[in-house]
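All remarks here apply to the structure that follows.
The values are calculated or read from the model by the stated rules, or taken from the named source; none is laboratory data. Computed from a predicted model, the values in this text were never measured in an experiment. In this analysis, Cβ positions are derived from the backbone assuming ideal geometry, glycine residues included, and neighbour counts consider all displayed protein chains. The area values use the complete protein model at the heavy-atom level, side chains included, leaving out ligands, DNA and RNA. Shrake-Rupley method; radii C 1.70, N 1.55, O 1.52, S 1.80 Å.
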Amino acid sequence: MNRLARPAAQFAVLFFALALPVSAFADELQDIDSLLKRGQHAQALERVNRYLAQNPSDAQGRFKKGLILAEQSKVAEAIEVFAKLSQDYPKLPEPHNNLAVLYASQGQYEKARQQLEMSIRTDPRFATAYENLGDVYTKLASQAYDKALQLDSSNSAAKNKLSLIRDLLITSETRLPASSIAQAGKTAEPARPPAVATAPKKKSATEAKPAPGQAKKPAAKAAEPPARARKGNTEDVLQAVRAWAGAWSKQDVDAYLAFYARDFKTPKGETRAEWEAARKQRISTAKKIEVAVDSPKVTLKGDSAVVTFRQAYRSGSLKINGNKTLHLVRSDGRWLIRQERAGG
């Protein structure tokens, strides 16, 4: 998929589908969804334009067009689509949320804040808007602390707060998932990419038929690791993540850094030595740190694993809860962090 241009510091944001009933043209909309999920944005845009030519007031079609334009990095056009939707459907929170995402991608955080607050006023139960608003506030706070340090470079309190906030803003580039249809009054989760089915292999002429008098053998099944072994691997990953959080909480810098792989991708492209020096300074100078790992989910693939969870961070009077993703690799029997990102 195409990606939005990077803001100065990024945060996770999600695009959600409109909470509207399925229209009579659901099949056409589903086809457009499929094209969008496959990354065929030009074809999806052509189809949605044809659809809207026949159904110009259809909110679902207009919403999907906004998503497609955002995927193509046509931010100004996507903003125009969602802005008009928010005017035509003032009771829907999603267009405001998506406008905020697009404004944030351009570094217009004050406009993003305004749109998210409108989204929340429209639907006080819209959890995504609250989380995104927290991310926007975090970015605005970073800019405020930056300004404070420009005026007074000796302000150690502002330096520490800015360091903590920048840790939260570490993330990879934001992707925009395709939307799915939700039931009326409900918020849809972002659709996952469709699984790609593997075409069955054609049998050769010698394999097609058994030899005369020879019974046909059942196809051999791929060997699977025992359930206990699969569970153990997952538990090993979770133990490593919890130990990493424990070392961070104890402010044991050496143990904390030992959980990062040699090829760890530093968040800002700095050298490993520069990154380690910054982490040592931030962790060792804090009076107290508490890090909790909540609701972790592990995806295993050979010697690689992805763990997503809610990270609860507390240092002094600062309390921050947010999503965290760790990409780990198994090396010499240990699970080590190769990449980390906050948000999404």
(message) Being open to solvent by 80 Å² or more (accessible area, probe 1.4 Å) and either among the hydroxyl-bearing types (Ser, Thr, Tyr) or over 18 Å from residue 328 (Cα atoms) (or both) is the filter here; which residues of the stretch 257-300 pass it?
(response) 268, 274, 280, 281, 287, 288, 295, 299
(request) Report, by residue number, each residue of the stretch 61-81 that is at negative phi, open to solvent by 10 Å² or more (accessible area, probe 1.4 Å) and touching a residue at least 24 places away in the same chain (Cβ under 8 Å). (result) 72, 75, 79
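Hey, can you tell me all the residues within the stretch 91-132 that are of a type in the set (Gly, Ala, Ser) and over 17 Å from the mean Cα position of the chain (by Cα)?
Taking the stretch 91-132 as the starting set, the residues that turn out to be of a type in the set (Gly, Ala, Ser) are 100, 104-105, 107, 112, 119, 127, 129.
Hits for the stretch 91-132 are 107, 112, 119.
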(request) Among the numbered conditions (1) in a helix (DSSP H, G or I); (2) β-branched (Val, Ile, Thr); (3) open to solvent by 30 Å² or more (accessible area, probe 1.4 Å), tell me where residue 237 comes up short. (result) (3)
(message) Among the residues in the stretch 302-312, are any open to solvent by 40 Å² or more (accessible area, probe 1.4 Å), touching a strand residue (DSSP E or B) at 6+ places or on another chain (Cβ under 7 Å), at pLDDT 90 or above and β-branched (Val, Ile, Thr)?
(response) yes
(request) Please work out if residue 262 is among the basic types (Lys, Arg) and at pLDDT below 90. (result) no
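Have a look at 25, 15 and point out the one that is open to solvent by 20 Å² or more (accessible area, probe 1.4 Å) and at pLDDT below 90. Even if it seems obvious, please write down each step before you answer.
Numbers: 15 fails: open to solvent by 20 Å² or more (accessible area, probe 1.4 Å).
Within the list 25, 15, the selection yields 25.
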(request) State all residues of the stretch 92-126 that are of a type in the set (Gly, Ala, Ser), under 19 Å from residue 63 (Cβ atoms) and open to solvent by 10 Å² or more (accessible area, probe 1.4 Å); if no residue qualifies, say none. (result) 105
(request) Would you check if residue 288 is in a loop (DSSP other than H, G, I, E, B) and under 30 Å from residue 130 (Cα atoms)? (result) yes
(request) Return yes when residue 251 is at positive phi and modelled with pLDDT of 90 or more and no when it is not. (result) yes
